[in-house]
Amino acid sequence: MTNDQQILDCLKDPSTKEQAFRHLISKYKERLYWHIRKIVLNHDDTDDVLQNTFIKIWNGLDSFRAESSLFTWLYRIATNESITFLNQRKRKMMSSLTDENEYLVNNLESDTYFDGDHWQLLLQQAIAILPDKQRIVFNMKYFDEIKYEEMSEILETSVGALKASYHHAVKKVEEYVKSHETRLD
Amino acid sequence: MKMQISINILKIKRTEIKLFEFKDVKAIYLNIMHKEEGNIEPEFMKRLGTNPFRTPDGYFDSIEDRIMEKIQLPEKKKSTSAGILRILKPVLGIAAMLALVFLLVNNPFTKNTVNTEVSSALTPSVKDDSTFNFSLIDESTLVNAIFSNEKSTVADINPDEMLAYLSSGLNEVEIYSEIQK
């Protein structure tokens with residue numbers, strides 16, 4: 001049961017539903033994990049969001065329409081769950097933070113499962129301060145290497161708008177790194 | 001001449017092989033993408049190839065079990081509570097009927113005449129409610145009389161709510177006084 005269509009067929013049958021869902025988790029857990037991790041940065045938060053994402057997927061199986069691919073649908077749920085999670089956290093933390101994206105930078109610095117060197121930390125910090133939409137587009141394009149067309153389906157945004165978002169994101173990241181790299185050299 | 005060309009090709013190939021061996025795969029990919037799509041990644045981004053994030057050891061091994069456990073938990077709870085309700089339903093029904101019979105038998109209502117119009121039965125002109133003889137009122141009239149002050153009809157009441165109400169620990173006297181309100 002490796003094919004998405006096979007998984008979907010088995011999900012419709014109550015006698016094979018649970019087993020098929022296990023297959024779905026096995027097939028997509030890592031890709032969704034890394035997608036979420038790049039958005040929320042911290043492992044523990046990612047674990048929470050990933051579990052919520054799969055629970056949402058399970059509860060929404062009946063509403064899945066075959067017009068979009070399974071992969072697109074899963075990515076969309078994972079993206080929405082990540083953004084919802086971040087917004088909730090930011091609202092809670094706003095009283096103590098001057099900038100809402102400071103939460104993400106703190107999250108990254110406190111994550112024990114981040115092994116990046118100075119350059120990688122700098123890049124992640126630069127990405128963390130991007131607006132949510134630009135950050136997601138940047139991660140999907142740069143790290144996950146998802147095509148604009150596919151991204152357009154997942155994020156329900158036009159290809160032109162995505163290219164513009166990516167362009168702005170790259171410029172901002174570049175400016176951030178340039179203004180901070182002298183400290184590292 | 002031919003010999004010279006083949007040596008040059010070999011040299012190029014060696015250089016390429018070295019490049020692919022030591023250069024970061026990500027950087028190569030970005031170079032290709034840069035040419036193909038007119039991408040705009042600055043130079044520093046090409047230096048970064050490996051994933052700086054990691055997960056706890058064996059994290060992905062147990063994730064299916066944890067998620068399936070979370071999914072099954074609310075469903076089990078739902079089915080358990082439904083099971084209890086299924087067992088209690090007939091018992092509560094019988095208890096409710098007995099309570100009603102007990103009420104009707106043990107409360108001697110002496111007044112023999114009751115208007116069939118419910119509204120008149122509940123008007124302020126009736127001075128002593130306890131003297132009604134409820135046995136003379138047909139069931140639908142009685143039900144209408146009880147619920148006439150409420151916006152909803154009996155049909156609107158959920159049977160589960162009714163059961164919950166009947167089983168809420170009221171004794172017969174309390175139920176009777178509730179009905180009389």
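The values are calculated or read from the model by the stated rules, or taken from the named source; none is laboratory data. Quantities reported herein were computed from a predicted structural model and do not represent experimental measurements. Neighbour counts are summed over all protein chains in view; Cβ atoms, including those assigned to glycine, are modelled from backbone coordinates with ideal geometry.
Here are the numbers:
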{"quantity": "Cβ pairs under 8 Å, 6+ apart, first in region B:45-70 and at pLDDT below 90, second among the small types (Gly, Ala, Ser)", "calculated": "B:46/B:27; B:47/B:27; B:49/B:27; B:52/A:116; B:53/A:116"}
{"quantity": "Pair list, Cβ under 6 Å, 6 or more apart: region A:137-148 residue under 15 Å from residue A:164 (Cβ atoms), other residue of a type in the set (Gly, Ala, Ser)", "calculated": "A:137/A:165; A:138/A:169"}
{"quantity": "Members of region A:27-54 found to be part of a helix (DSSP H, G or I), under 12 Å from the mean Cα position of the chain (by Cα), within 9 Å of another protein chain (Cβ to nearest Cβ) and not charged (D, E, K, R), listed by number", "calculated": "A:33, A:34, A:46, A:50"}
{"quantity": "Every pair of residues 6+ apart whose Cβ atoms lie under 9 Å, when the first sits in region A:36-58 and is among the β-branched types (Val, Ile, Thr) while the second is not in a helix (DSSP H, G or I)", "calculated": "A:46/B:53; A:46/B:55; A:57/A:64"}
{"quantity": "Qualifying positions in region A:8-26 - assigned to a helix (DSSP H, G or I) and of a type in the set (Val, Ile, Thr)", "calculated": "A:25"}
{"quantity": "Test: residue in region A:55-70 that is closer than 19 Å to residue A:87 by Cα and in a helix (DSSP H, G or I)", "calculated": "yes"}
{"quantity": "Qualifying helices (runs of 4 or more DSSP H) (wholly inside region A:132-185; at least 1 residues being away from chain B (no Cβ under 11 Å) and exposed (fewer than 14 other Cβ atoms within 10 Å of the Cβ))", "calculated": "A:148-155, A:159-184"}
{"quantity": "Some residue of region A:106-115 being more than 11 Å from every other protein chain (Cβ to nearest Cβ), over 30 Å from residue A:69 (Cβ atoms), more than 18 Å from the chain's Cα centre (by Cα) and loosely packed, with under 14 Cβ neighbours inside 10 Å", "calculated": "yes"}
{"quantity": "Considering residues of region A:116-131 that are more than 17 Å from the chain's Cα centre (by Cα) and either among the aromatic types (Phe, Trp, Tyr) or part of a loop (DSSP other than H, G, I, E, B) (or both) only, the residue nearest to the other protein chains (Cβ to nearest Cβ)", "calculated": "A:116"}
{"quantity": "Residue match in region A:11-24 (condition: away from chain B (no Cβ under 12 Å), over 18 Å from the mean Cα position of the chain (by Cα), buried (at least 18 other Cβ atoms within 10 Å of the Cβ) and of a type in the set (A, V, I, L, M))", "calculated": "yes"}
